[in-house]
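The values are calculated or read from the model by the stated rules, or taken from the named source; none is laboratory data. Note that this is a predicted model, so its numbers are computed, not measured. Note that each Cβ is placed from the backbone with ideal geometry, even for glycine, and that neighbours are counted across all protein chains shown. What goes into the accessible areas is simple: the full protein's heavy atoms, side chains included, and nothing from ligands, DNA or RNA. Shrake-Rupley method; radii C 1.70, N 1.55, O 1.52, S 1.80 Å.
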Amino acid sequence: MKIQQYHRATSLEDAYNVLMANPKNHILGGALWLKQLDREIETAIDLQDLKLDEISQSETHFRIGSMTTLYRLESAEALNEWCDQLVRSAMQHIMGVSFRHSATLGGSIMGRYAFSDLIGVFLVLEAELEFHKTGKMSLEAFLHERKMPNDILVAIYIPKQKGKSFFKKVSNTRLDFAILNFAFFKTDDQLRIAIGSRPSIAMLAKETMAFINASGWNDDTKPQALELFMNEVSFGNNQRGSAEYRKQLAKVYFMRGVEEVMKGDC
Amino acid sequence: MKVVKHEIPSIDGKGIMMGHKAYTDDFAERNSLIVKVLRSPHAFAKIKKINADHARKLPGVALVLTHHDVPRKPFTRAGQGYPEPSPHDKFVLDEYVRYVGDEVAAVAAVDEKTADEALKLIEVEYKVLEPVLDFEKALNHESVIHPEEDIHEMFPIGFKPKINQAAAYHMEVKNVEESLKTCEVVIEETFYTQAQAHAMMEPHTVNARLDVQNRLIIYSSTQTPFHVRRIISQALDVPMSRIRVIKPRVGGGFGGKQALHGEMLVSLVTLRTHKPAKLVYTRKEVFESSYTRHPMRIKVKIGADKTGKLRAIDCHILSDTGAYGEHALTVFMVAGSKVLPMYNKVDAVRFHGEVVYTNKTSAGAYRGYGAIQGNFAVESAIDMLAHKLNIDPIELRKMNMIAENETSPIFAIMGEGTEGTAMNMDTCKLDYCVERGKALIGWHEKYPRQDVGNHKIRSVGMAIAMQGSGIPYIDMGAATIKLNDDGFYNLTVGATDIGQGSDTILAQIAAEALMTTVDKVIVYSSDTDLTPFDTGAYASSTTYISGNAVYKAALKMIELLKKAAAKALKVDAETIQFDGKAFSSEASESTISLIDLSNRLYYNEDQEQLTATGSYFGTKSPPPFMAGFIEIEIDKETAEIEILNYVSVVDCGTPINPKLAQGQVEGGIVQGLGMAHFEEVKYSKKGQLISNDWLTYKIPTSLDIKKLTTEFAESYEESGPYGAKSVGEIGIDTPPAALGNAIFNALGVRMTELPMTPEKIFQKLQKK
Amino acid sequence: MIVKLTLNHQEKRFDVDASETLLETLRNHDVMSVKKGCDASSCGTCTVLVDGKPMLSCSLLTVRLQNKHIITVDGIHDEVEKISTYFGLEGADQCGFCNPGMALSIYALKQMLSNPSSEDIKTFLVGNLCRCSGYQAQFKAIKRYLGDPL
């Protein structure tokens, strides 16, 4: 990794203009994985003066600035209270505290890391991304975009919805990337299920969600839901685990996760 | 005892935490040339052409070294005594590269950026050769990893490079095949142990400069400064007298810094450029281009009668030494010699096998040094036997394991690369360790398993282990004690503190003998110009070997002090009494304090420098013993494991510093659990190391271990300093077998391959 | 590029290029308490405090730290002395390479969490790897330090 120039942006527009000026220019997030990149950056653009590290809330939404650190997210009381600690549970499994003091939510999302524990969480919380030029886009749509938007992520919106959560990361040590991760969120009427590090990036199990939301969760529907889930989600091999073992984990934690968030329901 | 067996804080812990310079790179000259190494992208290749002209012309580049520019003398980096039991099969740089990460060339430049740029300018044309990556196919493979004619063994070790064999060995007591035929029960199983990375926190680091006498001064992060001096001299053809090696504080070694690393290249840069130079391995280089634990395939046969009395053990091992043969023979032999004597009542025992070359990162010394591999196989097989006989595995062990005052013929037969040394177990509290551990883990209530609901099972498992205390007649340590004015001492030792706390415990031994306190004994280790010889920090030798040397030096110092006091008091030295602070005599009314005596010696009368040197080599290697017990909680559906408790009861003789000894045991346990459970050096199909950073090679974190319970047996080894044996390695040996046995007790599947990851356990469950 | 920052309560000006990390800057200026264990944000030996928060200096670009306050163990001498005393009493010192970074994380833990449970402590320190100790003696020492009134 080599950086030729450093630019401290004075406004989003300024940052945007510099970003557009050269394809080798790059927005800095927490820069934690930056050194592992074998590439040259012409101008590194720093957004730290743009007050993008704040969490605010309206009646309907939380707005999380893209430069908000992961540590700040896990410490955000109101947000975690709303989401039944789902954000905190996931964050606390990501590297160490000093890492999470630098790592930003924006960087974690823009990296679209396949191993990410956090993307699944934000999927089930129905996160929406706000880009400087492109405007708003759901996180899910963003993950399906073939080309990364050549734009600056400004904020992440989370609708305020009370619910029950379940998070599980299966890994060989507490600091390792997940073999598989699970995020479940159940509001009054909606269950959402995300599964990540398959080893592909996190996805919502939409058919399964729709089925359970329509047919309920009982001894009759459980086998069908599980079958749907296993058909809908694809698994592969990487050095952390085989597809076969991932399937086993998926079956087990699908059942445990749904049971957990459905408790007291139905 | 007033100092020994007391919990003295580490003498340098505070200074290190407070940030004072301590480690090799902290002492590099500010204007050092930065040395960087061009490494092979191929697992096996011959360099057809190498052109460094462009790199040499780059402004800021001081030197480029290729195999054309270095002396061609075979040597071994192993860092052992001389002559080494490792083959001389390495060149500073060679026309062959034998693993991904092997050295192709080195550059020295004014800064890192320039050095990196220069590396890119070196043009290399390789003839890529078919690599040998599967060690079970290495023997007689069509690719010969070491075809060169000028390599050799120092004495017969079974070195046959033309068939990719680095070493081989065979020994048998009575006739194993015959004995097995008479057994009512025979267990036969093949076990595999993996390569483990040392993963010490401080990367391999070296820097060099010339002093005003034009001598080469090397700072190295090494466990063996005296061997480093000798090997550099041999490899680079520099007289040993022109080399000084200083070992500052070492940030962890675990055997990985017994062998040499960047010392040769950095020394050459400084010798050729006359400029200071330094090399700090990147973490990737530490993983890829230093050393690993030897992977092994271990075939075990154990035969017994139906009461559980062991009759015969047969052990065949195939060991993978990687690209070079550092410690090839000796690690493999220790897999037998520090495991098989535990079951000394057998009628017949055989140990044999081969060590092969492969095109992978070289294997080397690693805490446990074969014992952990052998222990996993034998201690798993013992539990298999117990299961087959329907005997509690603890009872089976108690029936067969070695006890105090007993011996094993293996001690005399197997040494480290040579014949061994017969010895009796003057201290062996293994029976106590087993009983105490059994109580501490709650074996009675917990064996073999409890279903705790919620898909979880709790189970227990155990294993016993032995290690050694230095290598008899080979390992040597020396210590010099100097009296200063004001009555305090310097203790200079060649022994090498690599974090195990040897500076502290050697000071304790000296202070105890000199009847003073640790603050009056100023320790300095180790520096080939200033400190006496010591073979180094390996083979669990420092407490026992170097500790004995310190003890002997202290006794000599007391004699010198008494003589000097006798002069001062004008009495016969025989009559002098010394209590550590003052001298008195029944023949005199007057007394003299140590402070007054030392001031008298340096300023006033009968002036004389008092210095005493003690040296020691072992005539035996008293083994420490331990029993390790694990309690786990395992998920029946996913095979995820939580380690709830690990109980260690250790007979290491007297723990010189109980807290530091506990740290040695617990550090070993956790490193052993890492190996047992998830640590693994992984390669791609083409031989590239995949696990080359902390993200891909995981070591245990603070959250992975719930509880460690560690106790010491009361034990006093007469031959050791204040009754001490070694404690540095014993902790690492039991976790693989204990965990494997606990998994069997929980789920009824026998794990035969390390690491025992949840996925592998799950696969076994599927096949059950 | 000139960066002005406060290092251990003293104003400093460093001339750095854009790629330089704080770890490099500090060690180039003889602050040897900050260790390079991996250079890849994953071991914790290079931990420093930036405006009171523990961060990994191997991944912080020095150019981004204009006007920030950087603390290494050299800047919280008295607290580190206390931590190291408890480490000594518990026999928690081994090779020591992780200790300065660990001390800064422990100090930050004390500032940031009140009445942490054992699990909280372990979770907070999980990013500070130690290969020597098995962590147990360290936790005993840390608990004693946390019980020590500031």
- Could you run the numbers on buried accessible area between A and B, total for both chains, 1.4 angstrom probe, in Å² to the nearest 100? 2000 Å²
- Message: Suppose a student asked you for the relative contact order of chain B, using Cα pairs under 8 Å spaced at least 6 residues apart; what percent would you report?
- Response: 15 percent
- If you place +1 on the Cβ of every Lys and Arg and -1 on the Cβ of every Asp and Glu, how big does the dipole about the Cα centre of the protein assembly as shown come out, in debye to the nearest 20? 1500 debye
- Within 10 Å of the Cβ of an average residue in A:30-41, the count of other chain Cβ atoms is 4
- Query: Using the Kirkwood radius built from alpha carbon pairs, what does the Stokes-Einstein equation give as D for region C:75-147 at 4 °C and 1.567 mPa s, in µm² per second?
  - Reply: 107 µm²/s
- Rg followed by Dmax, in Å, when region B:476-617 is reduced to its Cα trace: 15.5, 51
- So what is the accessible area of region A:166-262 per residue, in Å², with the probe set to 1.4 Å? 36 Å²
- With all protein chains present, how much of the accessible area of region A:166-262 (probe radius 1.4 Å) comes from carbon and sulfur, to the nearest whole percent? 45 percent
- Task: Take the Cα radius of gyration of region A:124-171 and divide it by 2.2 N^0.38 Å, with N its residue count; two decimals is plenty.
- Result: 1.39
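Using a 1.4 Å probe and counting only protein heavy atoms, how much accessible surface gets buried when B and C come together, both sides summed, in Å² to the nearest 100?
Result for this pair: about 4200 Å² buried.
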- Query: Which whole number in µm²/s is D for region A:55-159 by Stokes-Einstein, with the Kirkwood Rh taken over Cα pairs at 4 °C and 1.567 mPa s?
  - Reply: 94 µm²/s
- Note on the structure: Note: B:278-287 gets an average of partner chain Cβ contacts (10 Å, Cβ to Cβ) equal to 2
- Task: Calculate the radius of gyration of the Cα atoms of region B:235-282 to one decimal place, then report Dmax, the largest Cα-Cα distance, as a whole number, both in Å.
- Result: 12.1, 33
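Using only atoms on other chains, find how many Cβ atoms lie within 10 Å of each Cβ of peptide B:210-216 and report the average.
Working: counts 0, 0, 0, 0, 0, 0, 0.
Going residue by residue through B:210-216 and averaging, the value is 0.
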- Query: Can you give the Kirkwood hydrodynamic radius of region B:670-768 from its Cα pairs, in Å with one decimal?
  - Reply: 16.2 Å
- Item | Global size of chain A as Cα Rg and Dmax, reported in angstrom | 18.9, 62
- Message: Considering only C-alpha atoms, what is the centroid distance from region B:683-727 to region A:110-169, in Å?
- Response: 41 Å
- Message: Checking the cross-link filter: which lysines have an alpha carbon closer than 28 Å to that of residue A:206, excluding same-chain neighbours under 8 positions apart?
- Response: A:136, A:147, A:160, A:162, A:164, A:168, A:169, A:186, A:222, A:247, A:251, A:263
- Could you order peptides B:240-248, B:133-141 by the average number of other Cβ atoms within 10 Å of their residues, highest first? B:240-248, B:133-141
- Task: Estimate for me the total accessible surface buried between chains C and A (protein heavy atoms, probe 1.4 Å, no ligands or nucleic acids), in Å² to the nearest 100.
- Result: 2300 Å²
- Scaled radius of gyration (Cα, divided by 2.2 N^0.38 Å) that the protein assembly as shown gives: 0.95
- Task: Go through region B:275-292 residue by residue and turn each phi into a ³J(HN,Hα) via Karplus (6.51, -1.76, 1.60, θ = phi - 60°); whole Hz please, and just put x for glycine and proline.
- Result: 10, x, 9, 8, 9, 10, 4, 5, 4, 4, 5, 4, 6, 8, 10, 9, 9, 9
- Message: List the residues, sorted by chain then number, that are 5 or more residues from residue A:138 or on another chain and whose placed amide H is less than 5 Å from its amide H.
- Response: A:129
- Message: Can you give me the C-alpha center-to-center distance between region B:627-673 and region C:27-93, rounded to a whole angstrom?
- Response: 30 Å
- Message: Cβ neighbours within 10 Å, averaged per peptide: list A:93-105, B:157-169 in order, most packed at the top.
- Response: A:93-105, B:157-169
- Task: Give the cross-link partners of residue B:620 among the lysines, using a straight C-alpha distance below 19 Å as the criterion and excluding same-chain residues fewer than 8 apart.
- Result: B:338, B:429, B:552, B:725
- Task: Would you pull out the residues with amide H under 5 Å of residue B:417's amide H, same chain only if 5 or more places away, H placed 1.01 Å from N?
- Result: none
- Return the residues of region B:1-41 for which accessible area with all protein chains present is lower than in the chain on its own by 40 Å² or more; set the probe to 1.4 Å and exclude ligands, DNA and RNA. B:9, B:14, B:17, B:18, B:19, B:21, B:23, B:26, B:30
- Rg/Rh for region A:108-266, where both radii come from Cα atoms and Rh is the Kirkwood radius: 0.97
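Please report, in cubic angstrom per residue, the volume enclosed by the convex hull of the alpha-carbon atoms of region B:69-194.
Values: hull volume 24.4 nm³, N = 126.
Residue-normalised Cα hull volume stands at 194 Å³.
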- Note on the structure: Mean separation of Cα contacts under 8 Å (at least 6 apart) over the residue count of chain C, i.e. the relative contact order in percent, is 25 percent
- Item | Overall Cα dimensions of chain C, principal axis frame, Å, largest first | 45, 29, 24
- Message: If packing is taken as the average count of other Cβ atoms within 10 Å, what order do B:471-482, B:586-597 fall into, highest mean first?
- Response: B:471-482, B:586-597
- Give the accessible surface of region A:2-45 per residue, rounded to a whole number of Å², with probe radius 1.4 Å and ligands, DNA and RNA excluded. 49 Å²
- Query: Residues with amide H under 5 Å of residue B:201's amide H, sequence separation 5 or more or different chain, H placed in the peptide plane at 1.01 Å from N; which?
  - Reply: C:131
- Its Cα gyration tensor gives chain B an equivalent ellipsoid whose semi-axes in whole Å, largest first, are 41, 38, 23
- Query: Mind checking the log10 I(q)/I(0) for region C:2-74 at q = 0.16, 0.22, 0.24 Å⁻¹? Debye, one equal scatterer per Cα, no solvent, two decimals.
  - Reply: -0.46, -0.92, -1.11
- Task: Return the lysines within reach of residue B:247: Cα separation strictly under 22 angstrom, same-chain partners fewer than 8 residues apart disregarded; answer none if there are no such residues.
- Result: B:14, B:21, B:36, B:257, B:275, B:278, B:482, C:35, C:36
- Note on the structure: For region A:2-45 the translational diffusion coefficient, Stokes-Einstein from a Kirkwood Rh over Cα pairs at 20 °C and viscosity 1.002 mPa s, in µm²/s, is roughly 202 µm²/s
- Task: Rounded to whole Å and ordered largest first, report the semi-axes of the equivalent ellipsoid of region B:320-459 derived from its Cα gyration tensor (root of 5λ).
- Result: 31, 22, 13
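Once you keep just the Cα pairs under 8 angstrom separated by 6 or more residues, what percentage relative contact order results for chain A?
Worked out over chain A, it gives 15 percent.
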- Helix-derived mean residue ellipticity, 222 nm - over the protein assembly as shown, DSSP H n ≥ 4, -39500 (n - 2.57), to 500: -8500 deg cm²/dmol
- Query: Of all accessible surface on region A:55-159 at a 1.4 Å probe, what whole percent is carbon and sulfur?
  - Reply: 48 percent
- Hey, can you list the DSSP H helices of chain B whose Cα span along the axis is 30 Å or longer and whose average Kyte-Doolittle score is at least 0.0? B:547-569
